[in-house]
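Everything on this sheet refers to the single structure shown next.
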Amino acid sequence: MGNHMSVTIQEEDLVQSIADAIQFISYYHPADYIKHLARAYEREESPAAKDAMAQILTNSRMSAEGHRPLCQDTGIVNVFLKVGMNVRFNSTKSLQEICDEGVRRGYMNPDNPLRASILDDPIFARKNTKDNTPCVVNVELVPGDKVDVQLASKGGGSENKSKLAMLNPNDSIVDWVVKTVPTMGAGWCPPGMLGIGVGGTAEKAVLMAKQSLMEDLNMYELLERGPANKLEELRIELYRKVNALGIGAQGLGGLTTVLDVKIKTFATHAASFPVAMIPNCAATRHAHFELDGSGPAHLHTPSLDDWPKVTWAPDYKASKRVDLNTLTKAEIATWKRGDTLLLNGKMLTGRDAAHKRIQDMLAKGEPLPVSFKDRAIYYVGPVDPVRDEIVGPAGPTTSTRMDKFTDMMLDQTGLTVMIGKSERGPATIESIRKHKVVYLMAVGGAAYLVSKAIKSSKVLAFEDLGMEAIYEFDVEDMPVTVAVDSEGVSVHTTGPKEWSAKIAGIPVVVA
């Protein structure tokens, strides 16, 4: 490094590279993720989990071909910059402002507009910034004359399951992980990966956990060649023990919950043992590029041959076709947990903001703008449509966020069917049993595939809430699984129990 010639990076090159990368990762899964998921799909024995994986793989290929988002939650952007000390930026802006400009341009691309999910003033106003800015920027100064950029779009469902523990120095990381993963439910959309950061201070551990998620998956290769050191041994042990929990794809019960476990470490205080764990979902999205002053980065377009020949299609033999327009409580009572249904007819949509507004209106005795009596509600915030689309990608959001409103909805609106992703809490399951209604689960990570079942869409109420408005969708053969039946039996309880017992080779007792 005797040569101290400085390299100039043009502001526009970093902006354009970030915008391009955001578009790229919105529709291309990393090839390593697809390879690992395809292997897991091949060996999966749980029919429900295998069907979910087939939907995720099919959705992934459709997104790659159609250049539309893998998931309706197009994430919060994390940018990790390693800036060479011989680099100068030709810009009057801060790095935060430059990165935000890249995010703005990436999310507002008219060919593939992405969902704006970022709310500013997190405590009080929670108002949508409309362009998904600001992003979260981390900068490190390193020797050299290049800028290394790692960028991820991180979904809220998986980010919300992040965990941090300040363990005692002789506590077991394995015990903590195995105890903690089941408490995370399925809202992080398994099968994904776990990033673990150990050491440093609280915030350093969390940062390392996030950075470890930027690495390529290599667990399959690691298992083939065997561990080369203690850290690799620990990764394999965690991989096996987490999968032995039987949580499975989408929490339905199965052999694969994680495709890989990554661990990063840093020195720590003698009294401390910080451990952080952050999961990545089935819409794992990250890119890595370098700038050297010669122009914007070019990302390598994957070949469609990288995807396995898996094409999910409705199974008319194994699934019941349901008409939502003529639903009765008697028909709902015949559905049992684990049944697969194909929904047809009209459903309403609504999520956090709509539920809060309904709660406020009911409290004031105001009439609701929409009748929920004997209707189905889908917890979703779709991406805006382009060209001839009815809606953009429209996969389910995490249903547990609606739990605190569910009893009110069932008591006061006559709602009979809820559709979302992952498990419900015990109080909500009790409310479902009491009201003799059902909760259905759509696959998180199959947003583009699910959107193809939506044949018409119109806003019925709360238009000012954007993607959180109440829409009416008319659907044709939309695939769902009965997750909680009208007796209050939850597949998210029975599935993992059954599969963890099977994996351990002990007799299965499911009450």
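I'd like the orientation of helix 230-243 relative to the chain: the angle between its Cα long axis and the longest Cα principal axis, in ° from 0 to 90, rounded to 10.
It works out to around 10 degrees.
Less than 11 Å from a label point 7 Å out along the Cα-to-Cβ axis of K373: which backbone N atoms in the stretch 325-342 qualify, by residue?
none
Nearest 0.05, what FRET efficiency do T92 and T265 give at R0 = 41 Å with Cβ-Cβ as r?
Efficiency at R0 = 41 Å is approximately 0.60.
Looking only at chymotrypsin sites (Phe, Trp or Tyr not before Pro) in DSSP loops with at most 13 other Cβ atoms within 10 Å, what is the longest site-free stretch of the chain?
Looking at the chain, 317-511 is the longest stretch - no exposed chymotrypsin sites (Phe, Trp or Tyr not before Pro) with at most 13 other Cβ atoms within 10 Å.
Going toward the positive end of the dipole of the chain, with +1 on Lys and Arg Cβ and -1 on Asp and Glu Cβ, which of F24, T257, C135 do you reach last?
T257
Quick check: the angle from helix 95-107's long axis to the longest principal axis of the chain, C-alpha only, nearest 10 degrees?
40 degrees
Averaged over all directions, how much area does the convex hull of the C-alpha atoms of the chain cover when projected, in nm²?
For the Cα atoms of the chain, the hull's average projected area reads 26.1 nm².
So how strong a dipole does the chain carry about its Cα centre when Lys and Arg Cβ are +1 and Asp and Glu Cβ are -1, to the nearest 20 debye?
Here the size comes out at about 1260 debye.
When ligands, DNA and RNA are left out and all protein chains stay put, how many square angstrom of accessible area per residue does the stretch 320-496 have with a 1.4 Å probe?
37 Å²
Taking the inverse of the average 1/r across all pairs of different Cα atoms in the stretch 320-496, what Kirkwood radius in Å do you get?
Kirkwood radius, the stretch 320-496: 16.0 Å.
Going by alpha carbons, how many degrees (0 to 90, nearest 10) lie between the helix axis of 31-43 and the longest principal axis of the chain?
Long axis of 31-43 versus the principal axis of the chain: about 40 degrees.
Report the gain in length on full extension from E472 to S6: 0.36 nm times residue separation, minus Cα-Cα distance, nm rounded to one decimal.
162.0 nm
Given N residues in the stretch 1-78, what is its alpha carbon radius of gyration divided by 2.2 N^0.38 Å?
Rounded to two decimals, the normalised Rg is 1.61.
So, with +1 on the Cβ of K and R and -1 on the Cβ of D and E, and no other charges, what is the size of the charge dipole of the stretch 1-86 about its Cα centre, to the nearest 20 debye?
Result for the stretch 1-86 is approximately 240 debye, rounded to the nearest 20.
Using Cα positions and a limit of under 15 Å, work out the aspartates and glutamates in reach of K50, with same-chain residues fewer than 8 apart set aside.
E42, D315, D339
Roughly speaking, to the nearest percent, how much of the chain's 1.4 Å accessible area is carbon and sulfur?
Carbon and sulfur atoms account for 53 percent of the accessible area of the chain.
Within the chain, which is the longest segment that contains none of the trypsin sites (Lys or Arg not before Pro) sitting in a DSSP loop with at most 10 other Cβ atoms within 10 Å?
The longest such stretch corresponds to 1-308.
I want to check the label-to-label distance for E290 and T311. Put each point 7 Å from Cα in the C-beta direction and report it in nm to one decimal.
Placing both labels 7 Å along Cα→Cβ, they lie 4.1 nm apart.
Please give, to one decimal in nm, the separation of the simple spin-label points placed at A228 and A330, each 7 Å out from Cα toward the Cβ.
Between A228 and A330, the simple spin-label model gives 6.8 nm.
Farthest toward the dipole's positive end in the chain, which of H286, L327, G246, given Cβ charges of +1 (Lys, Arg) and -1 (Asp, Glu) about the Cα centre?
L327
So in the chain, what percent of DSSP beta bridges are antiparallel if you round to the nearest 5?
Bridges in the chain that DSSP calls antiparallel: roughly 55 percent.
Extending each Cα 7 Å along its Cβ direction at D360 and K434, get the distance between those two points in nm, one decimal.
2.6 nm
Run through the DSSP bridge list for the stretch 7-291 and note the antiparallel percent, rounded to the nearest 5.
55 percent
The values are calculated or read from the model by the stated rules, or taken from the named source; none is laboratory data. The structure displayed is predicted, hence computed values, not measured ones. As a convention, Cβ positions derive from the backbone with ideal geometry for all residues, glycine included, and neighbour counts pool all protein chains shown. Heads up: the accessible areas ignore ligands, DNA and RNA and are worked out on the full protein's heavy atoms, side chains in. Shrake-Rupley method; radii C 1.70, N 1.55, O 1.52, S 1.80 Å.
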